[in-house]
Each structure stands twice: as structure tokens, then as C-alpha cells.
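Written below as C-alpha cells is the structure these notes are about.
Only the coordinates and a few stated rules stand behind these numbers; no lab work does. Bear in mind that the values here come from a model prediction, so they are computed numbers and not experimental data. Here the Cβ is made from the backbone with ideal geometry for all residues, glycine too, and neighbour counts use every protein chain on show.
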């Protein structure tokens, strides 16, 4: 069953988003907006607290079923679920759908953090739980906060944004040195050559390119993800303990 959030917010209008990013408003307006953003964070925390050890899969929404990238992401989602991970994506079509679909086919858990847009993006039909967000930055926090590793499939501006924001968090120590796996060598190698050139220009450190693990192999990707998750975080994949019901703030497991 595809479980949507109980009371999903309405998509923001273009005018709402433009006003938000146009600079300062009145104090009352800014306070009200900050309160709405706070509520959106709390909704995400409550919805995602009990989902178990996750791996987030990033990738383009534009690749349909049957495309090689779609099928690779489907295999990736399947393998992650078999390895004991909950598969989390942005909840939309394309690569996101494929990874969620693979997790569903493996009998694993599949989560979607959907973004509400004026041109609505509907959640794909392969998620067990959907949480919808108005703001990209809140959604990205959730995709990173609840993951133990990141798998990046081919994509465009949005995928590159997610990749480099996550790499920056790792580089600066804001998150521990989580695995960051790039799938499909042919797609990513030109970018990796450019990244390696940044070392010569002095804009990144010589160890920074090594933070990105490039592979064509689903098996190698799983090994890269599973090793640190087991060793560094001590994860196990037996039945999780029931959540303490007294924590109303985070909600109860569903």
C-alpha cells in the first residue's frame, strides 16, 4: 500500500516561492514563514524517525521504464533492499521510481520524500510511505539526515545539486564520511576528470575526489555501502525494537 502523509500541504504557488527568495519582508510575514518551515521540519522528523537504516538514491526524473539508467536504478534498489536497507528517494518518476520499484520487488521498505511544485509532481506508485514537502531545502535535509549512504544515478541540475551539497557536507565534516557512490562510469567520468582538475587548481584537497566512488557494478556499490554501515555504525538487520510510545514528538511506528 502507498501510504501518503495524513494531511499533505498544498503546493506553493510560483508567487509564494518568488516572494520568499526576493529578500526581506515584514517582520510578521517573515515570522509566519519561519513558523511554517518549522512545522514542515517537524512533520518530516515525525514521519521518518522510525523508518530504519536508509540509503538515499538520487537521480533524474526523466528516464522512463526500459531505459538503461532506469533498469540500473531498479537493480540498485532491489540490491539495497536485499542488503537490509530502506530505500529512500525523492519520490517522483524516473530514477526515483525505479529505485523504489526495485526495493518493493525485493520485499524491502521504500520511502519517498516528494516535492510539491506548482506543476505537481505525483508520488510514484512504488513507495510504502510518502512525505511531501513545500521547500527543496527541507526535503534535502530529510534525504540526508536519515541516510547512512548515498547512491547517485545519472541526472541533471537537481541531481548535481544533491550530489555536491552532500559531498560538501562530507568534506566539511558536517556529516561523517558516509559512502557516496556514483553509478555508471561513462556518465560520470567527464565530471570526475573536471573534479580531479580542481586539485591542480588548488580549490579542493587531493583527498576530495576520492570521496566519490565511481562504479558500474551494483555488487561493488553494495559492498561500499554495507561495509561502513555495519562497521562504523554497528547496524544490524534483525527486527527493530518497538519505539517508545511516550515520544509523542516523533510519533509512533506505523
Can I get the semi-axes of the stretch 14-233's equivalent ellipsoid? Compute them from the C-alpha gyration tensor as square roots of 5 times the eigenvalues, in angstrom, largest first.
28, 22, 17
For the stretch 14-233, calculate the relative contact order in percent as a whole number, restricting contacts to Cα pairs under 8 Å that are 6 or more residues apart.
18
Just from the alpha-carbon atoms, what are the Rg and Dmax of the stretch 95-203 in angstroms?
15.5, 47
Highest-first arrangement of 130-137, 50-57, where packing means the average Cβ count within 10 Å:
50-57, 130-137
Peptide ranges 86-93, 141-148 listed from the most packed, as the mean C-beta count within 10 angstrom indicates:
86-93, 141-148
Please report how far the C-alpha centroid of the stretch 48-115 lies from that of the stretch 128-176, rounded to the nearest whole angstrom.
14
